[in-house]
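See below for the structure under consideration.
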DNA sequence: ATAACAAACGTTATATTATAACATTATATG
DNA sequence: CATATAATGTTATAATATAACGTTTGTTAT
Ligand SMILES: [Zn+2]
Ligand SMILES: [Zn+2]
Ligand SMILES: [Zn+2]
Ligand SMILES: [Zn+2]
């Protein structure tokens, strides 16, 4: 059994904020939220974000340049990520669907090439906004 | 039969450059490439890019903030896009795979929600880099 | 043709996102 | 302890993208 990751001070601060948030957070909005805690510079945020992504604790929503906490213990350290994104309220949900994940993880293109990672973003309207 | 889109001057200039390129192009690298043609400001590039995306002539590779020409007459004006991205040489290929596209277009999540658009990015090593 | 409207353009300024570089401090390992 | 590695703090700057405003060009209807 792998030991639970121990996070550094800044990593924990950033993760806490992202986990508490209801939606995706942008790096600079995280920064403004933690200035009272002694973090003053973008670098400190981006470094924490990078490590948290590496650990699979958070994901980057590429189409929004924003970050969400991972809600899936099985997403294999961000090798297989899928999200639903509401185009109206900007809500993001991590899609946890074993069939989808297996289908895409085993996908090979016409030349037979397999890929070691994928990221899928679905866009539409969430239940609230429909 | 829909009439072929007629592009404006700036749109045509930007599209030509993206179509000629071997890989994805960034907005500012497009800008530097067209300054001899009288385009001087980022706005002019971004406006052309926006329209070209709307028309389905190009796509944005979200994980790279870069743009590629559409190689697929059937990608339904960017409602269903998939790419393979080489992590070594940065090459990008549009994946044209009817089965994959149908599978994802008809995907519905656990609450039964369907989405009207998706973008999928695969990462790995291209044939050259393997 | 011309009035009215919409789309594209040109330009200046500014906002937002992200990284470089370097010195310092904390943590782990033998 | 000695050394190496990871994390931090800080200043500066690069890269990406949009706001705002006025002008020009192209389309459509009378
Ligand atoms: Zn996850
Ligand atoms: Zn919504
Ligand atoms: Zn396409
Ligand atoms: Zn390659």
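Bear in mind these aren't lab numbers, they're just calculated from the coordinates by the rules spelled out. Everything numeric here is computed off the predicted structure, so don't read it as measured data. Note: ideal-geometry Cβ built from the backbone for every residue, glycine included; neighbour counts use all protein chains shown.
What to note about this one:
- Along each principal axis, Cα extent of chain A, largest first, Å: 51, 42, 27
- When the helices of chain B are scored as -39500 (n - 2.57) per DSSP H run of n ≥ 4 and the total is divided over every residue, the value at 222 nm lands at -9500 deg cm²/dmol.
- At an R0 of 35 angstrom, the distance between the Cβ atoms of residue B:43 and residue A:128 translates into a FRET efficiency of 0.50.
- Sites residue B:55 and residue A:76, calculated FRET efficiency, Cβ-Cβ separation with R0 45 Å, nearest 0.05: 0.75
- Spatial extent of the protein assembly as shown: Rg and Dmax, with the Cα atoms as the point set, Å: 19.7, 62
- Residue mean of other protein chain beta carbons inside 10 Å, A:119-129: 5
- Each of B:117, A:71 has some number of other Cβ atoms within 10 Å of its Cβ, and from fewest to most they run A:71, B:117.
- Most mobile of A:38, A:56, A:112 in a GNM of chain A (Cα contacts under 10 Å): A:112
- Residue B:128 label point (Cα plus 7 Å toward Cβ) to equivalent points in the other copies: 4.6 nm, shortest first.
- Note on residue B:65 and residue B:88: the extension gain reaches 6.6 nm, defined as 0.36 nm multiplied by sequence separation minus the Cα-Cα distance.
- Neighbour-count ranking [beta-carbon atoms within 10 angstrom, fewest first] of B:28, A:46: B:28, A:46
- Between A:14, A:34, A:68, the Gaussian network model of chain A with springs among Cα atoms under 10 angstrom shows the greatest mean-square fluctuation at A:34.
- Peptide A:49-60, shielding by other chains (average Cβ, 10 Å cutoff): 0
- Top of B:41, B:69, B:27 by mean-square fluctuation, Gaussian network on chain B, Cα under 10 Å: B:41
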